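What follows is a set of notes on a single structure, which appears directly below.
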Number of protein chains: 2
Amino acid sequence: MNPRPKSVQQLVDVFKRLPGVGPKTAERFVMHLLKAGRGEVTRLTRSLDELQNNVRSCEVCFTFAEKSPCEICASDKRNKKTICVVAEPQDIFALEKVGAYSGVYHVLRGLIDPMHDAGVAHLKISELVARAAGGAEEIIFAFDPTIEGETTIQFIEKQLAGLPVARTRLATGLPAGGSVEYADEVTLAGALANRQQIKK
Amino acid sequence: MNPRPKSVQQLVDVFKRLPGVGPKTAERFVMHLLKAGRGEVTRLTRSLDELQNNVRSCEVCFTFAEKSPCEICASDKRNKKTICVVAEPQDIFALEKVGAYSGVYHVLRGLIDPMHDAGVAHLKISELVARAAGGAEEIIFAFDPTIEGETTIQFIEKQLAGLPVARTRLATGLPAGGSVEYADEVTLAGALANRQQIKK
(Lines give C-alpha, C1' and ligand atoms only; values in the text may rest on other atoms or scores of the structure.)
Protein backbone atom coordinates (compact mmCIF):
# COMPACT_ATOMS: atom_id res chain seq x y z
CA MET A 1 0.00 0.00 0.00
CA ASN A 2 1.31 3.48 -0.75
CA PRO A 3 0.51 5.36 2.46
CA ARG A 4 1.72 8.73 1.11
CA PRO A 5 -1.30 10.96 0.36
CA LYS A 6 -1.37 12.34 -3.20
CA SER A 7 -1.30 15.97 -1.99
CA VAL A 8 1.76 15.19 0.12
CA GLN A 9 3.56 13.60 -2.83
CA GLN A 10 2.65 16.56 -5.03
CA LEU A 11 4.05 19.13 -2.59
CA VAL A 12 7.17 16.99 -2.07
CA ASP A 13 7.71 17.13 -5.84
CA VAL A 14 7.39 20.93 -5.87
CA PHE A 15 9.71 21.40 -2.86
CA LYS A 16 12.26 19.12 -4.57
CA ARG A 17 12.65 21.77 -7.26
CA LEU A 18 14.15 24.20 -4.72
CA PRO A 19 17.98 24.37 -4.85
CA GLY A 20 19.70 21.72 -2.71
CA VAL A 21 16.47 20.03 -1.66
CA GLY A 22 16.27 16.24 -2.15
CA PRO A 23 13.27 13.94 -1.65
CA LYS A 24 13.94 13.33 2.07
CA THR A 25 14.32 17.03 2.87
CA ALA A 26 11.22 17.87 0.82
CA GLU A 27 9.25 15.26 2.75
CA ARG A 28 10.49 16.66 6.05
CA PHE A 29 9.27 20.13 4.97
CA VAL A 30 5.80 18.78 4.15
CA MET A 31 5.54 16.85 7.40
CA HIS A 32 6.68 19.89 9.34
CA LEU A 33 3.92 21.95 7.73
CA LEU A 34 1.30 19.29 8.44
CA LYS A 35 2.35 19.06 12.08
CA ALA A 36 2.55 22.83 12.45
CA GLY A 37 -1.00 23.14 11.18
CA ARG A 38 -3.17 25.50 9.15
CA GLY A 39 -1.63 28.73 10.48
CA GLU A 40 1.82 27.82 9.20
CA VAL A 41 0.61 26.78 5.73
CA THR A 42 -1.43 29.98 5.45
CA ARG A 43 1.57 32.06 6.51
CA LEU A 44 3.58 30.48 3.71
CA THR A 45 0.94 30.85 0.97
CA ARG A 46 0.28 34.44 2.00
CA SER A 47 3.99 35.32 1.85
CA LEU A 48 4.25 33.64 -1.56
CA ASP A 49 1.29 35.66 -2.81
CA GLU A 50 2.87 38.88 -1.55
CA LEU A 51 6.17 37.99 -3.19
CA GLN A 52 4.32 37.34 -6.45
CA ASN A 53 2.35 40.59 -6.25
CA ASN A 54 4.96 42.99 -4.87
CA VAL A 55 8.34 42.01 -6.22
CA ARG A 56 9.40 42.89 -9.73
CA SER A 57 12.61 43.23 -11.68
CA CYS A 58 14.26 46.69 -11.62
CA GLU A 59 14.23 47.92 -15.22
CA VAL A 60 17.66 49.54 -14.79
CA CYS A 61 19.81 47.08 -12.83
CA PHE A 62 17.65 43.90 -12.89
CA THR A 63 17.72 43.30 -9.16
CA PHE A 64 14.48 42.20 -7.50
CA ALA A 65 12.72 45.14 -5.82
CA GLU A 66 9.28 46.39 -4.85
CA LYS A 67 9.61 49.39 -7.16
CA SER A 68 11.18 49.85 -10.57
CA PRO A 69 13.61 51.60 -10.75
CA CYS A 70 14.75 50.13 -7.42
CA GLU A 71 15.65 52.25 -4.41
CA ILE A 72 19.36 52.32 -5.28
CA CYS A 73 18.86 53.16 -8.97
CA ALA A 74 16.36 55.91 -7.99
CA SER A 75 18.56 57.46 -5.28
CA ASP A 76 20.31 60.74 -6.10
CA LYS A 77 22.92 59.87 -3.46
CA ARG A 78 24.33 57.09 -5.64
CA ASN A 79 26.94 57.70 -8.32
CA LYS A 80 25.38 56.46 -11.57
CA LYS A 81 28.71 56.52 -13.40
CA THR A 82 30.15 53.62 -11.39
CA ILE A 83 28.45 50.29 -12.07
CA CYS A 84 29.23 47.22 -9.98
CA VAL A 85 28.30 44.07 -11.91
CA VAL A 86 27.13 41.11 -9.81
CA ALA A 87 25.78 37.66 -10.66
CA GLU A 88 22.71 37.68 -8.39
CA PRO A 89 20.66 40.10 -6.26
CA GLN A 90 22.01 38.37 -3.12
CA ASP A 91 25.45 39.73 -4.00
CA ILE A 92 24.01 43.26 -3.75
CA PHE A 93 22.63 42.43 -0.30
CA ALA A 94 26.15 41.36 0.79
CA LEU A 95 27.88 44.41 -0.70
CA GLU A 96 25.36 46.88 0.73
CA LYS A 97 25.84 45.38 4.18
CA VAL A 98 29.46 46.56 4.01
CA GLY A 99 28.22 50.09 3.36
CA ALA A 100 31.42 51.12 1.56
CA TYR A 101 30.07 51.46 -1.98
CA SER A 102 28.18 54.45 -3.30
CA GLY A 103 27.82 53.57 -6.99
CA VAL A 104 25.02 51.57 -8.60
CA TYR A 105 24.69 47.89 -9.57
CA HIS A 106 23.92 45.65 -12.51
CA VAL A 107 22.64 42.11 -11.94
CA LEU A 108 23.55 39.62 -14.68
CA ARG A 109 21.15 36.96 -13.31
CA GLY A 110 23.80 34.29 -13.48
CA LEU A 111 27.29 33.64 -14.86
CA ILE A 112 28.53 31.93 -18.00
CA ASP A 113 29.04 28.26 -17.21
CA PRO A 114 31.60 26.95 -19.72
CA MET A 115 31.20 23.37 -18.46
CA HIS A 116 27.48 23.23 -19.16
CA ASP A 117 27.36 25.75 -22.00
CA ALA A 118 23.99 27.16 -21.00
CA GLY A 119 24.59 30.07 -23.40
CA VAL A 120 24.53 33.75 -22.57
CA ALA A 121 21.13 34.80 -23.95
CA HIS A 122 19.49 34.62 -20.49
CA LEU A 123 22.14 36.90 -18.96
CA LYS A 124 21.68 40.69 -18.89
CA ILE A 125 24.93 41.33 -20.81
CA SER A 126 23.66 43.46 -23.72
CA GLU A 127 21.82 45.60 -21.14
CA LEU A 128 25.12 46.10 -19.31
CA VAL A 129 26.92 47.06 -22.53
CA ALA A 130 24.18 49.62 -23.25
CA ARG A 131 24.59 51.12 -19.77
CA ALA A 132 28.39 51.16 -20.19
CA ALA A 133 28.03 52.95 -23.54
CA GLY A 134 25.64 55.47 -21.95
CA GLY A 135 28.31 57.42 -20.12
CA ALA A 136 29.57 55.09 -17.36
CA GLU A 137 33.07 55.78 -16.07
CA GLU A 138 33.87 52.54 -14.27
CA ILE A 139 32.62 48.97 -14.43
CA ILE A 140 33.54 46.88 -11.35
CA PHE A 141 33.24 43.11 -11.80
CA ALA A 142 32.20 41.58 -8.48
CA PHE A 143 31.88 37.90 -9.36
CA ASP A 144 32.99 34.86 -7.36
CA PRO A 145 36.64 34.14 -8.26
CA THR A 146 35.74 30.89 -10.06
CA ILE A 147 35.98 29.50 -13.60
CA GLU A 148 32.45 30.83 -14.22
CA GLY A 149 33.37 34.29 -12.90
CA GLU A 150 36.57 34.47 -14.98
CA THR A 151 34.83 33.28 -18.16
CA THR A 152 32.09 35.85 -17.70
CA ILE A 153 34.58 38.70 -17.19
CA GLN A 154 36.46 37.68 -20.35
CA PHE A 155 33.27 37.48 -22.39
CA ILE A 156 32.00 40.89 -21.23
CA GLU A 157 35.44 42.44 -21.70
CA LYS A 158 35.20 41.60 -25.43
CA GLN A 159 31.78 43.26 -25.64
CA LEU A 160 33.09 46.40 -23.94
CA ALA A 161 36.20 46.69 -26.18
CA GLY A 162 36.62 50.22 -27.48
CA LEU A 163 34.30 51.87 -24.93
CA PRO A 164 35.96 54.64 -22.88
CA VAL A 165 35.10 53.03 -19.56
CA ALA A 166 37.50 51.84 -16.84
CA ARG A 167 37.17 48.19 -15.84
CA THR A 168 38.18 46.85 -12.43
CA ARG A 169 37.50 43.73 -10.41
CA LEU A 170 37.30 42.83 -6.74
CA ALA A 171 40.74 42.08 -5.30
CA THR A 172 41.60 38.43 -4.80
CA GLY A 173 43.92 37.32 -2.00
CA LEU A 174 43.85 35.85 1.48
CA PRO A 175 40.49 36.35 3.22
CA ALA A 176 40.49 38.07 6.61
CA GLY A 177 41.27 35.49 9.27
CA GLY A 178 42.60 33.15 6.57
CA SER A 179 45.71 31.02 6.79
CA VAL A 180 48.87 31.06 4.66
CA GLU A 181 49.53 27.43 5.55
CA TYR A 182 46.15 26.20 4.36
CA ALA A 183 45.51 28.62 1.47
CA ASP A 184 45.23 26.90 -1.92
CA GLU A 185 47.98 27.47 -4.47
CA VAL A 186 45.97 29.68 -6.82
CA THR A 187 44.99 32.02 -3.97
CA LEU A 188 48.56 32.15 -2.65
CA ALA A 189 50.10 32.74 -6.09
CA GLY A 190 47.57 35.55 -6.72
CA ALA A 191 48.15 37.12 -3.30
CA LEU A 192 51.89 37.11 -3.99
CA ALA A 193 51.57 38.54 -7.52
CA ASN A 194 49.18 41.27 -6.39
CA ARG A 195 51.03 42.09 -3.16
CA GLN A 196 50.12 45.49 -1.82
CA GLN A 197 52.37 48.39 -0.83
CA ILE A 198 52.32 48.87 2.94
CA LYS A 199 51.19 52.38 3.68
CA LYS A 200 53.60 54.36 5.89
CA MET B 1 20.55 51.06 2.05
CA ASN B 2 18.73 47.80 2.67
CA PRO B 3 18.25 46.45 -0.85
CA ARG B 4 16.22 43.41 0.28
CA PRO B 5 12.55 43.94 -0.61
CA LYS B 6 10.14 43.57 2.33
CA SER B 7 8.24 40.70 0.66
CA VAL B 8 11.51 38.86 0.12
CA GLN B 9 12.52 39.29 3.77
CA GLN B 10 9.09 38.11 4.89
CA LEU B 11 9.22 34.91 2.82
CA VAL B 12 12.81 34.30 3.96
CA ASP B 13 11.53 34.47 7.55
CA VAL B 14 8.79 31.92 6.82
CA PHE B 15 11.13 29.53 4.96
CA LYS B 16 13.55 29.76 7.91
CA ARG B 17 10.94 28.02 10.06
CA LEU B 18 11.28 24.83 7.96
CA PRO B 19 13.51 22.18 9.58
CA GLY B 20 17.21 22.57 8.76
CA VAL B 21 16.76 25.80 6.81
CA GLY B 22 18.97 28.75 7.79
CA PRO B 23 18.84 32.35 6.54
CA LYS B 24 21.16 31.74 3.55
CA THR B 25 19.24 28.68 2.37
CA ALA B 26 15.91 30.47 2.83
CA GLU B 27 17.20 33.38 0.75
CA ARG B 28 18.36 30.98 -1.97
CA PHE B 29 14.85 29.47 -2.05
CA VAL B 30 13.25 32.90 -2.50
CA MET B 31 15.70 33.95 -5.19
CA HIS B 32 15.16 30.65 -6.99
CA LEU B 33 11.40 31.27 -7.00
CA LEU B 34 11.84 34.84 -8.25
CA LYS B 35 14.11 33.71 -11.05
CA ALA B 36 11.87 30.76 -11.93
CA GLY B 37 8.94 33.14 -12.28
CA ARG B 38 5.19 33.20 -11.70
CA GLY B 39 4.53 29.62 -12.84
CA GLU B 40 6.76 28.19 -10.14
CA VAL B 41 5.30 30.32 -7.34
CA THR B 42 1.78 29.40 -8.44
CA ARG B 43 2.68 25.72 -8.54
CA LEU B 44 3.86 25.99 -4.93
CA THR B 45 0.87 27.94 -3.59
CA ARG B 46 -1.54 25.59 -5.39
CA SER B 47 0.15 22.51 -3.90
CA LEU B 48 0.06 24.11 -0.45
CA ASP B 49 -3.66 24.85 -0.85
CA GLU B 50 -4.32 21.26 -1.87
CA LEU B 51 -2.31 19.98 1.09
CA GLN B 52 -4.33 22.22 3.38
CA ASN B 53 -7.67 21.16 1.88
CA ASN B 54 -7.08 17.45 1.27
CA VAL B 55 -4.85 16.12 4.02
CA ARG B 56 -6.17 15.37 7.47
CA SER B 57 -5.18 13.32 10.46
CA CYS B 58 -6.46 9.71 10.50
CA GLU B 59 -8.75 9.46 13.54
CA VAL B 60 -7.54 5.92 14.29
CA CYS B 61 -3.75 5.91 13.78
CA PHE B 62 -2.98 9.67 13.49
CA THR B 63 -1.04 9.42 10.26
CA PHE B 64 -1.67 12.11 7.62
CA ALA B 65 -4.05 10.87 4.94
CA GLU B 66 -6.64 12.10 2.45
CA LYS B 67 -9.37 10.10 4.17
CA SER B 68 -10.08 9.31 7.80
CA PRO B 69 -9.81 6.45 8.65
CA CYS B 70 -6.78 6.17 6.37
CA GLU B 71 -6.44 3.51 3.67
CA ILE B 72 -4.51 1.15 5.95
CA CYS B 73 -6.88 1.50 8.93
CA ALA B 74 -9.87 1.02 6.59
CA SER B 75 -8.46 -2.03 4.77
CA ASP B 76 -9.91 -5.44 5.68
CA LYS B 77 -6.64 -7.03 4.51
CA ARG B 78 -4.78 -5.57 7.50
CA ASN B 79 -4.65 -7.30 10.86
CA LYS B 80 -6.10 -4.80 13.34
CA LYS B 81 -4.80 -6.75 16.34
CA THR B 82 -1.14 -5.97 15.60
CA ILE B 83 -0.23 -2.31 16.07
CA CYS B 84 3.17 -0.96 14.99
CA VAL B 85 3.94 2.26 16.88
CA VAL B 86 6.05 4.83 14.99
CA ALA B 87 7.19 8.36 15.76
CA GLU B 88 6.16 10.02 12.48
CA PRO B 89 4.11 9.27 9.33
CA GLN B 90 7.37 9.09 7.33
CA ASP B 91 8.25 5.94 9.29
CA ILE B 92 5.08 4.32 7.92
CA PHE B 93 6.17 5.26 4.38
CA ALA B 94 9.51 3.50 4.99
CA LEU B 95 7.94 0.38 6.54
CA GLU B 96 5.27 0.04 3.84
CA LYS B 97 7.98 0.21 1.17
CA VAL B 98 9.38 -3.04 2.61
CA GLY B 99 5.98 -4.64 2.11
CA ALA B 100 6.56 -7.21 4.87
CA TYR B 101 4.05 -5.96 7.45
CA SER B 102 0.33 -6.64 7.38
CA GLY B 103 -0.78 -5.11 10.68
CA VAL B 104 -1.82 -1.52 11.34
CA TYR B 105 0.04 1.51 12.68
CA HIS B 106 -0.10 4.15 15.39
CA VAL B 107 1.72 7.47 14.93
CA LEU B 108 2.87 9.12 18.18
CA ARG B 109 3.71 12.39 16.38
CA GLY B 110 7.10 12.61 18.02
CA LEU B 111 9.13 10.97 20.79
CA ILE B 112 9.82 11.91 24.40
CA ASP B 113 12.93 14.09 24.49
CA PRO B 114 14.40 13.75 27.99
CA MET B 115 17.05 16.39 27.26
CA HIS B 116 14.55 19.11 26.40
CA ASP B 117 11.64 17.85 28.50
CA ALA B 118 9.00 18.91 25.99
CA GLY B 119 6.47 16.83 27.94
CA VAL B 120 4.28 14.06 26.62
CA ALA B 121 0.92 15.84 26.30
CA HIS B 122 1.39 16.45 22.57
CA LEU B 123 2.11 12.77 21.89
CA LYS B 124 -0.69 10.32 21.03
CA ILE B 125 0.13 8.02 23.96
CA SER B 126 -3.25 7.85 25.71
CA GLU B 127 -4.81 7.07 22.32
CA LEU B 128 -2.35 4.17 21.94
CA VAL B 129 -3.18 2.84 25.40
CA ALA B 130 -6.88 2.96 24.53
CA ARG B 131 -6.25 0.98 21.33
CA ALA B 132 -4.09 -1.51 23.23
CA ALA B 133 -6.84 -1.97 25.80
CA GLY B 134 -9.39 -2.45 23.01
CA GLY B 135 -8.32 -5.97 22.10
CA ALA B 136 -4.86 -5.61 20.51
CA GLU B 137 -2.64 -8.69 20.64
CA GLU B 138 0.75 -7.19 19.88
CA ILE B 139 2.32 -3.75 20.08
CA ILE B 140 5.53 -3.38 18.02
CA PHE B 141 7.71 -0.39 18.93
CA ALA B 142 9.42 0.86 15.75
CA PHE B 143 11.35 3.88 17.02
CA ASP B 144 14.87 4.98 16.15
CA PRO B 145 17.29 3.21 18.56
CA THR B 146 18.18 6.47 20.34
CA ILE B 147 17.86 7.92 23.84
CA GLU B 148 14.51 9.42 22.76
CA GLY B 149 13.29 6.09 21.39
CA GLU B 150 14.33 4.18 24.52
CA THR B 151 12.77 6.74 26.87
CA THR B 152 9.53 6.64 24.93
CA ILE B 153 9.36 2.83 25.03
CA GLN B 154 9.97 2.85 28.80
CA PHE B 155 7.29 5.49 29.37
CA ILE B 156 4.66 3.67 27.28
CA GLU B 157 5.59 0.32 28.86
CA LYS B 158 4.51 1.71 32.24
CA GLN B 159 1.18 2.85 30.79
CA LEU B 160 0.57 -0.59 29.28
CA ALA B 161 1.40 -2.49 32.49
CA GLY B 162 -1.21 -5.10 33.24
CA LEU B 163 -2.76 -5.17 29.78
CA PRO B 164 -2.78 -8.63 28.15
CA VAL B 165 -0.91 -7.47 25.06
CA ALA B 166 2.47 -8.68 23.77
CA ARG B 167 5.10 -5.98 23.33
CA THR B 168 8.00 -6.28 20.88
CA ARG B 169 10.50 -3.94 19.30
CA LEU B 170 12.44 -3.80 16.05
CA ALA B 171 15.66 -5.81 16.26
CA THR B 172 18.84 -3.83 16.75
CA GLY B 173 22.14 -5.08 15.35
CA LEU B 174 24.48 -4.58 12.44
CA PRO B 175 22.76 -2.99 9.44
CA ALA B 176 22.95 -4.81 6.10
CA GLY B 177 26.25 -3.94 4.45
CA GLY B 178 27.57 -2.69 7.80
CA SER B 179 31.03 -3.27 9.20
CA VAL B 180 32.07 -5.06 12.41
CA GLU B 181 35.29 -3.04 12.48
CA TYR B 182 33.54 0.33 12.37
CA ALA B 183 30.36 -0.49 14.30
CA ASP B 184 29.98 1.52 17.52
CA GLU B 185 30.28 -0.33 20.82
CA VAL B 186 26.60 -0.15 21.77
CA THR B 187 25.57 -1.67 18.43
CA LEU B 188 28.21 -4.39 18.67
CA ALA B 189 27.38 -5.25 22.28
CA GLY B 190 23.68 -5.47 21.36
CA ALA B 191 24.35 -7.59 18.28
CA LEU B 192 26.39 -9.98 20.43
CA ALA B 193 23.84 -10.17 23.24
CA ASN B 194 20.97 -10.75 20.80
CA ARG B 195 22.85 -13.15 18.52
CA GLN B 196 20.53 -15.24 16.41
CA GLN B 197 20.37 -19.00 15.96
CA ILE B 198 21.55 -19.96 12.47
CA LYS B 199 18.80 -21.93 10.76
CA LYS B 200 19.95 -25.34 9.46
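Here no strands (runs of 3 or more DSSP E) wholly within region B:99-200 include at least 3 residues being of a type in the set (Lys, Arg). Scanning region B:28-65 for residues that are within 9 Å of another protein chain (Cβ to nearest Cβ), over 22 Å from residue B:102 (Cβ atoms) and in a loop (DSSP other than H, G, I, E, B) yields one hit, B:55. So is residue B:19 within 10 Å of another protein chain (Cβ to nearest Cβ), surrounded by fewer than 22 Cβ atoms within 10 Å (Cβ to Cβ) and within 23 Å of residue A:38 (Cα to Cα) or not? Yes.
The residue that is farthest from residue A:71 (Cα to Cα), among those in region B:2-16 that are surrounded by 14 or more Cβ atoms within 10 Å (Cβ to Cβ) and facing chain A (nearest Cβ under 7 Å), is B:14.
Within region B:9-22, residues that are within 17 Å of residue B:48 (Cα to Cα) and free of Cβ contacts under 8 Å to residues at least 60 places away in the same chain sit with their Cβ atoms under 9 Å from residues that are loosely packed, with under 15 Cβ neighbours inside 10 Å and of a type in the set (A, V, I, L, M, F, W, C), at 6+ positions apart or across chains, in these pairs: B:17/A:36. Applying the condition of being crowded, with 18+ Cβ neighbours inside 10 Å and free of Cβ contacts under 8 Å to residues at least 12 places away in the same chain to region A:53-89 and asking which residue is farthest from residue A:169 (Cα to Cα) yields A:55. Just one of the listed residues (A:85, A:60) is touching a Ser or Thr at 6+ places or on another chain (Cβ under 8 Å) and among the aliphatic types (A, V, I, L, M), and it is A:60. Quick check, is residue A:127 without any contact (Cβ under 8 Å) to a residue 12 or more places away in the chain, among the acidic types (Asp, Glu) and more than 9 Å from chain B (Cβ to nearest Cβ)? Here the answer is no, as residue A:127 does not meet what is asked.
Report whether or not residue B:92 is within 11 Å of chain A (Cβ to nearest Cβ), crowded, with 20+ Cβ neighbours inside 10 Å and either small (Gly, Ala, Ser) or more than 22 Å from residue A:46 (Cβ to Cβ) (or both). Yes, satisfied. Whenever a residue of region B:41-52 is more than 17 Å from residue B:31 (Cβ to Cβ), its partners that are among the basic types (Lys, Arg) and surrounded by fewer than 17 Cβ atoms within 10 Å (Cβ to Cβ), lying with C-beta atoms within less than 8 angstrom and at least six residues away or across chains, give the pairs B:52/A:38. Just one of the listed residues (B:108, B:34, B:128) is crowded, with 17+ Cβ neighbours inside 10 Å, more than 21 Å from residue A:4 (Cα to Cα) and in the same structural domain as residue B:158 (by TED's automatic domain parsing), and it is B:128.
The values are calculated or read from the model by the stated rules, or taken from the named source; none is laboratory data. All figures in this text were calculated on a predicted structure; none of them were measured in a lab. Here Cβ is always computed from backbone atoms with ideal geometry, including for glycine, and neighbour counts include all displayed protein chains.
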